[in-house]
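The values are calculated or read from the model by the stated rules, or taken from the named source; none is laboratory data. Note that the structure is a prediction, hence the values are computed from the model and not measured. Cβ placement follows ideal geometry from the backbone for every residue including glycine, while neighbour counts extend to all protein chains displayed. SASA here: full protein model, heavy atoms, side chains in, ligands and nucleic acids out. Shrake-Rupley method; radii C 1.70, N 1.55, O 1.52, S 1.80 Å.
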Amino acid sequence: MTSRLLDLAGRWLRSFGEGYYTIGSAGHEGNAAVAAALRPTDPALLHYRSGAFYCLRAAQAAGGFPTGESVPDADGPEPTGATPTARIPDPRTPADRGVDADPAVPDGSPEAEAAPPDGPVTPRTSAAAGDGAEAASPPGGSSAADGGAEAAELPAGAGVAVHTDGAATAGVPELPLPDPDDAYAEAARDVLRGMVASAAEPIAGGRHKVFGRADLAVVPTTSTIASHLPRAVGLGLALERLRRGGRRDDGDSDAAPWPSDAIVVCSFGDASVNHATATAAFNTAGWYDHTGLRIPVLFVCEDNGLGISVRSPQGWVAATLRARPGIRYFAADGTDVAEAYRVAGEAAAWVRRHRRPAVLHLSTVRLMGHAGADAETAYRSPAEIAADLARDPLLATARRLVEAGYATVEELLARYDERGWQIRRLAEEVLDEPKLTSPVDVVAELAPRRPVRISRAVADAATRAAGPAAGARAEAFGGRPPELAGPLTLAQSINAALADGMLDHPGVAVFGEDVAAKGGVYGVTKGLRDKFGAARVFDTLLDETSILGLALGAGVAGMLPVPEIQYLAYLHNAEDQLRGEAATMRFFSRGAFRNPMVVRVAGLAYQEGFGGHFHNDNSVAVLRDVPGLVIAVPARPDDAAPMLRTCLAAAAVDGAVSVFLEPIALYHTRDLYTEGDGEWLAEYAEPGAWAARHVPIGRARVYGVGSAEDLTIITFGNGVRMSLRAAATLADEGVGSRVVDLRWLAPLPVADIIREASATGRVLVVDETRRSGGVGEGVIAALVDAGYVGTARRVAGLDSFVPLGPAARQVLVSEEAITEGARTLLAR
C-alpha cells in the first residue's frame, strides 16, 4: 500500500514541478513477498520498481516483520531439536483447492531442498512443513494424509500452525506486524526525498533517486539496464570466499559486512534478460557453478511483459531463464503475494542451503505506464490495460484479506486513506528540505582525495614490510627480495609490487584472463599463484564485463580486487562497468558503500612484430571522461612500483577506483639510448625507501636534459622514452629540454604542467593517443585555463586505428616526429 501511494505522490509532485522521478512500482508490489522471504541482512541490488521490497525491508530491519529462518549449509548437519512453525503454504481459494505440482522445479533438476523461511500462517490455505508433514484442508474441504486420515474442517478466519512433528494447531488469526507504521513511514520518507532531490535523502543525498541504505543492506544501483547483475555475481562469489576463510582488506575475517550465510538478491525486469550485461552475469554464474565454485545469488526477474513499449514475446522470458545452465529456475505469480512469498521462500532457502545461483521468475503487471510522461494508450489497447488492472496485486491482496476475515472493505479503505494522507504530509515536509546548491556539494563524495592519509598508508606498509612482516616477505620471495635481484624491467617491477601489495593487503585478489597458471600473456603475474594460492590469484572466463563485475562485488564485500584486462581494446567491451557502476558507487551512496579496485590494463601501442588494432590500442578518451576515475600510466620501472602502491593505498583509504595502464611495449625494454646500456632498467626500492619515493596521485616526474632551459616536452607512457631520446638529439644541437612524464592522466598533474611550461615558455606536447580526444587536448586546455602565454605545439597520433605491421608507423608518433616538432617550435 505504501509503495502504491508513493507512486501517486510522485505524480503529484511532478504535476507542479517539484518531483523529478516518476518511474513507479505499481503492479510490482509482489516483490514485497520476496523481501519477506529474505532477511534484512541479505544484500539486495534492486531495480527501479522495488518500492514495496524497500518498504518491507525497512520494516524487517526495524523488527516489525518476521525474517527468514536459519537454513543449514548443504555441507553441514541437518537441524535437530527444533520444531519451527511451517512457512506460509500455498494459499487456495474455495474454488481452487487442488495442490499444483511445484512450478519451481524443472525436469531433471536436483531434488534436495531446504524448507523456506518461517512466516505468518494465513487461513484458507493448504499447509506443508518439512518431510512427512500433514496438510491442513481448506475450509469446506478435506485432504488425505497419513494413509487417508481426514483432516478436520476449520472455521473461516482460523489460523493454522503446522509443526515438524505433523501436529496442526488452529488459533485466532493475528496480523504479524505489531506496529510497522513508523518503519514504513521512514521508508516512504526516504523515497520521497529521492523524488524531490533532497540533500537529506539517506543514500544519494539528492544526486539521484535510487533504492539504497547501508543499514538495510540495500546496495544502490544505477538505471542502466542490467548493469548491476555482474556486480551481484561478484558479490556472491566474494561472500562465499569470505565465508570459507578469506579475509577482507582490513585483515579481519570475522568482520564481513554481512552474515556468513547471507545470500545476494538481485532484481531486474523482463526486458533486461536480453541485454548483453545480463547474459554475461547469467553465463558467469552458471560457468562458476559448473566448475564447482559456489555463488549464492538469487536473481529475481519481475516480468510485466513490457520494456517501455516493446513487448517480450510470449514465453520468451521463461524459456530464456529456464535455459541458463547452472541456475535453478523458480516461478510464481507476482500478483498473488501469498504464492510469491511461498515460492520466494523456497528459492531463497535453496540458494542459502546450497550456496548456488537460482532465478525467481515473477509474473507481474505494469500499472500507470512506464513513467509519468508515458501515454501507454498509444501502444496498448484498452482491453490489455484493463486485463492488467484486473490483476492488480494491491486489490488482489485486499480481496484476500476481506474474504479471509482479516478486515472489512471499509477498514481497508480507511487504512488506505489514512496512509495516503500520511504520505501526502511527508511529501509536503520533504519539499522544504534543502537541495544541493554548490558544485562542491555535488562532487563531495565523487572521489575524495586524502593524500596525507594515502602517504601515511604507504609508510605504514613499509614499516610492516621491514618489521613484523619481514619474515613472511622473505619467504614469499624465496629468500631473495626484489631489491636484491638487481635492476628490473617494468614487468618485473610490477610483478614485485603486486607481490608486496598482496603481502600487505590480505584482501587483495588478482584475477583475469590467463593471469594464474600462465602468469599473464606477458609474464607480469608470473609466480603469484604459487606464492598466494588459487583463492587469491585465479583465472576467469574470457569476458571483460564479468571480470569487472567480479571486482565490483568483491570491493563492496570489503576486499581489494586487482582485476586484469588483457588488452586495452578489450576494455571497450565493458566500459559501463567502470563508468556506470564502479565510478558512481560513492557518488550514489555518499560513501556508505565503496568498491575499491585497481584495474590493471595492458595497453598502448608500439609492440614490434605483433598486434594490429586490438593489441595496440591507443585510445584512453573514454576513461578520461569518467568522473573520479584515477588513471595511472607508469613508464619507468622505478615509477611503476610506487605508483601501484599508491593506487592500492588510495583504494584502501578512499575506496578509489584506479586504472593502472601498463605500456606493453615497455614491459621488457632494457635500454634507453644505445643497445646494451640498460638505462631503462631500475633497482626495486627496499621497504625503508618506500615512503621517501612515494608518488602521490596527480604528480609528474621531470627529467632535465642539457641546460633544460629552452623547451618543455610534456608526455607519458611510450612517449617518455621517445622524448628522452629526442631530447638527447636536441642537446647535441645545443637545445636544453625538460621532459615531463605526466604519470597520471586523471587527474592530470596541472600544477606541474604549468610550472614546467612557464619555466621555458615553449611547450611541445607529445601524445601517443589520437589527435581528437587525446590526452594532449587536456594538457593544452590546462595551459589555456591557467593563462599560459608562451608557445605550444602538439605531436599526436593520427585519428586512425592502429594497423598491422610496419604500417603502424604511419599513424603513430615517432622519435623523428618529436625532434622535428621541437625544431619547428624553436624556430617560431
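List of remarks:
- Residue, farthest from Ala183 (Cα to Cα), within segment 381-424, restricted to residues that are of a type in the set (S, T, N, Q) and not in a helix (DSSP H, G or I): Ser381
Yes or no, residue by residue, for (1) of a type outside the set (A, V, I, L, M); (2) within 25 Å of Pro202 (Cα to Cα):
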{"residue": "Asp500", "(1), (2)": "yes, no"}
{"residue": "Lys526", "(1), (2)": "yes, no"}
{"residue": "Val537", "(1), (2)": "no, no"}
{"residue": "Gly553", "(1), (2)": "yes, yes"}
{"residue": "Tyr567", "(1), (2)": "yes, no"}
{"residue": "Ala574", "(1), (2)": "no, no"}
{"residue": "Phe587", "(1), (2)": "yes, yes"}
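- Which numbered condition Tyr341 misses (of (1) open to solvent by 10 Å² or more (accessible area, probe 1.4 Å); (2) of a type outside the set (Gly, Ala, Ser); (3) not in a helix (DSSP H, G or I)): (3)
- Test: residue in segment 526-533 that is crowded, with 19+ Cβ neighbours inside 10 Å and over 30 Å from Pro687 (Cα atoms): no
- Among residues of segment 566-582, those that are open to solvent by 10 Å² or more (accessible area, probe 1.4 Å) and farther than 19 Å from Glu662 by Cβ, counted: 2
- Taking the listed residues Gly520, Gly507, the one that is in contact with a Gly (Cβ under 7 Å, 6 or more places away or on another chain) and in contact (Cβ under 8 Å) with a residue 24 or more places away in the chain is Gly507, with no other qualifying.
- Scoring Arg366 on the criteria (1) open to solvent by 30 Å² or more (accessible area, probe 1.4 Å); (2) within 30 Å of Pro202 (Cα to Cα); (3) outside any helix (DSSP H, G or I) leaves a single failure, condition (1).
- Screening Ala465 against (1) under 30 Å from Gly580 (Cα atoms); (2) modelled with pLDDT of 95 or more; (3) buried (at least 17 other Cβ atoms within 10 Å of the Cβ) leaves a single unmet condition, (1).
- Qualifying residue in segment 445-453 (condition: on the phi < 0 side of the Ramachandran plot and small (Gly, Ala, Ser)): yes
- Condition met for Trp690 (over 37 Å from the mean Cα position of the chain (by Cα) and at pLDDT 95 or above): no
- Segment 383-400: number of residues that are closer than 18 Å to Met1 by Cα and open to solvent by less than 50 Å² (accessible area, probe 1.4 Å): 7
- Tally of residues being over 26 Å from Arg755 (Cα atoms) and either open to solvent by less than 80 Å² (accessible area, probe 1.4 Å) or of a type in the set (D, E, K, R) (or both) across segment 776-813: 10
- Top-ranked residue in segment 652-680 [being without any contact (Cβ under 8 Å) to a residue 24 or more places away in the chain and of a type in the set (D, E, K, R); ranked as surrounded by the fewest Cβ atoms within 10 Å (Cβ to Cβ)]: Glu675
- Some residue of segment 697-718 being touching a strand residue (DSSP E or B) at 6+ places or on another chain (Cβ under 9 Å), within 26 Å of His668 (Cβ to Cβ) and part of a helix (DSSP H, G or I): yes
- Residues in segment 277-314 that are over 30 Å from Ala375 (Cβ atoms) and open to solvent by 30 Å² or more (accessible area, probe 1.4 Å): Thr279, Asn283, Trp287, His290, Thr291, Gly292, Leu293, Arg294.
- Residue satisfying all of: in segment 425-445; out of contact with any helix residue (DSSP H, G or I) (no Cβ under 9 Å at 6 or more places or on another chain), of a type in the set (Asp, Glu) and in a helix (DSSP H, G or I); farthest from Ala338 (Cα to Cα) among these: Asp441
- Residue in segment 763-776 that is on the phi < 0 side of the Ramachandran plot and part of a helix (DSSP H, G or I) present: yes
- Each residue in segment 506-525 was checked for being modelled with pLDDT under 95 and open to solvent by less than 30 Å² (accessible area, probe 1.4 Å), and 1 of them qualify.
- Evaluating Ala731 against the criteria (1) farther than 22 Å from Leu578 by Cα; (2) aliphatic (A, V, I, L, M); (3) within 38 Å of the chain's Cα centre (by Cα) leaves one unmet condition, (3).
- The residues listed here are Glu683, Glu733; of these, the one that is among the acidic types (Asp, Glu), in contact (Cβ under 8 Å) with a residue 12 or more places away in the chain and open to solvent by 30 Å² or more (accessible area, probe 1.4 Å) is Glu683.
- Restricting segment 6-30 to residues that are part of a helix (DSSP H, G or I) and open to solvent by less than 20 Å² (accessible area, probe 1.4 Å) leaves a set whose member that is nearest to Phe268 (Cα to Cα) is Asp7.
- In segment 409-436, the residues that are among the β-branched types (Val, Ile, Thr) and in contact (Cβ under 8 Å) with a residue 12 or more places away in the chain: Ile423, Val430
- Unique residue being of a type in the set (D, E, K, R), crowded, with 17+ Cβ neighbours inside 10 Å, in contact with a helix residue (DSSP H, G or I) (Cβ under 8 Å, 6 or more places away or on another chain) and under 27 Å from Gly628 (Cβ atoms) when the list is Asp752, Asp767: Asp767
- Test: residue in segment 785-795 that is free of Cβ contacts under 8 Å to residues at least 40 places away in the same chain and part of a helix (DSSP H, G or I): yes
- Residue satisfying condition, being within 24 Å of Tyr48 (Cα to Cα), of a type in the set (Val, Ile, Thr), open to solvent by less than 30 Å² (accessible area, probe 1.4 Å) and in a loop (DSSP other than H, G, I, E, B), within set Thr320, Thr335: Thr335
- Candidates are the residues of segment 796-828 that are in contact (Cβ under 8 Å) with a residue 60 or more places away in the chain, of a type in the set (Val, Ile, Thr) and assigned to a loop (DSSP other than H, G, I, E, B); the one that is nearest to Ala569 (Cα to Cα) is Val802.
- The conditions of being in a loop (DSSP other than H, G, I, E, B), open to solvent by 40 Å² or more (accessible area, probe 1.4 Å) and over 26 Å from Val630 (Cβ atoms) are met by Arg480.
- In the set (1) in contact with a helix residue (DSSP H, G or I) (Cβ under 7 Å, 6 or more places away or on another chain); (2) open to solvent by 10 Å² or more (accessible area, probe 1.4 Å); (3) farther than 22 Å from Gly603 by Cβ, Ala649 fails one condition alone, (2).
- Search result, residues across segment 653-682 that are within 39 Å of the chain's Cα centre (by Cα) and of a type in the set (Phe, Trp, Tyr): Phe660, Tyr667, Trp680
- Single match in Ala33, Ala59 (criterion: part of a helix (DSSP H, G or I), at pLDDT 95 or above and more than 24 Å from Gly206 (Cβ to Cβ)): Ala33
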